[in-house]
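Have a look at the structure below before the remarks.
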Ligand SMILES: [Zn+2]
């Protein structure tokens, strides 16, 4: 790399880019890294980068047929002379947008979202790329072999890991009909029950992907991968954003759900921390 990377001004003061050509390259490969229309997706400061893996909730957030849409109702505006305050009211299903499924979602006696230990909500992250396999196959179910292959190429997975699957289906997120359906049936890629069982054996803290459901749309109502994962005590994150911005090995992924007493899950801020320029060497 001989040319100087074009780095958004917000990142220049960090000094990260002058010390690591590779990290600069990472940003070039991710040209959508700073998107003013849709909000900041990545932030850099000295020695670390944060990537937001969370969609901003709005009226266009995909929901299952029959479910109410996300609603943010502004109740008062800052320009109100009587009460110069800005605030609103939220209304949504627990499982709308980027969210966690707690074990109680499908497991009798499983932990509800308020009982997930904080330690479980953060861990070393990995991103398993299945984009090519899912490209023309909305019914694709990531097999356990994909995990074994990843382990052979990178590192074994273990009990503290948070494992993300990138299917590429997020390219349809802004088109909710396409994101969920093929014709009149549900269709999106998912994770097979054998893969979920293998990750449960590994004892991972959580699993996530860039579709609306862990089980592929064509068999979503069977919930078999959900059961395999959640009965191990792990959490699931669905509708994950920006996996394309992450290398295969990530220092930390944090998945922080709203704290609702006895909730089955809930909207979550999910993000990755890449601690040092060295992390980019994994790419
Ligand atoms: Zn869910």
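FYI, it's all coordinate maths here, none of it is from the lab. Predicted, not measured: the structure shown is a model, and the values here were computed from it. Virtual Cβ from ideal backbone geometry, glycine too; neighbours counted across all protein chains shown.
If region 49-125 were replaced by its equivalent ellipsoid, with semi-axes equal to the square roots of 5 times the Cα gyration tensor eigenvalues, what would those be, largest first, whole Å? Don't skip to the answer; put the middle values down first.
Working: eigenvalues 185, 65, 42 Å².
Gyration-tensor ellipsoid for region 49-125: 30, 18, 14 Å.
Rounded to the nearest 0.05, what FRET efficiency is calculated for residue 275 and residue 114 with R0 set to 30 Å and r the Cβ-Cβ distance?
On the way: r = 29 Å, r/R0 = 0.98.
Efficiency, rounded to the nearest 0.05: 0.55.
Extension gain residue 148-residue 160, at 0.36 nm per residue separation less the Cα-Cα distance, in nm?
Working: separation 12, 0.36 × 12 = 4.32 nm, distance 1.73 nm.
Working it through step by step, the gained length comes to 2.6 nm.
If packing is taken as the average count of other Cβ atoms within 10 Å, what order do 118-124, 233-239, 79-85 fall into, highest mean first? Present the calculation step by step, with values, prior to reporting the outcome.
Values: 118-124: 15.4, 233-239: 24.4, 79-85: 8.4.
Ranking, from highest mean packing down: 233-239, 118-124, 79-85.
Let's test the formula: R0 of 22 Å, r as the Cβ-Cβ distance of residue 261 and residue 58. What FRET efficiency results, to the nearest 0.05? Walk me through the numbers on the way to the answer.
Values: r = 27 Å, r/R0 = 1.21.
Once the sixth-power term is evaluated, E becomes 0.25.
Using 0.36 nm per residue of separation minus the Cα-Cα distance, give me the extension gain between residue 252 and residue 75 in nm, one decimal.
On the way: separation 177, 0.36 × 177 = 63.72 nm, distance 3.70 nm.
So the extension gain works out to 60.0 nm.
Hey, what's the Kirkwood Rh for region 99-282 if you take every pair of different alpha carbons, in angstrom? Can you show the working numbers first?
On the way: mean 1/r = 0.0617 Å⁻¹.
One decimal place: 16.2 Å for the Kirkwood radius.
Pairs of alpha-carbon atoms within less than 8 angstrom and 6+ residues apart define the contacts here; what relative contact order does region 99-282 have, in percent?
Values: 422 pairs, mean separation 59.7, N = 184.
Result for region 99-282 is 32 percent.
Let me know the volume per residue of the alpha-carbon convex hull for region 49-89, in Å³.
Values: hull volume 4.4 nm³, N = 41.
Hull volume normalised by residue count: 106 Å³.
Based solely on C-alpha atoms, express the radius of gyration and the Dmax of region 81-143 in angstrom.
Expressed in Å, the Cα Rg and Dmax of region 81-143 come to 19.1, 60.
Run the simple label-point estimate for residue 87 and residue 178 please: 7 Å along Cα→C-beta, distance reported in nm.
If labels sit at residue 87 and residue 178, their model points lie 4.1 nm apart.
Which peptide among 105-115, 249-259 comes first, and what is the full order, when sorted by highest mean count of other Cβ atoms within 10 Å? Walk me through the numbers on the way to the answer.
Details: 105-115: 15.7, 249-259: 19.4.
Output ranking for 105-115, 249-259: 249-259, 105-115.
If you average the C-alpha positions of region 138-205 and of region 232-264 separately, how far apart do those two centres end up, in angstrom?
13
For region 34-166, would you read off the P(r) tail past 19 Å as a percentage of all alpha carbon pairs? Don't skip to the end; give the middle numbers.
On the way: 6378 of 8778 pairs.
Taking all Cα-Cα pairs of region 34-166, the fraction more than 19 Å apart is 73 percent.
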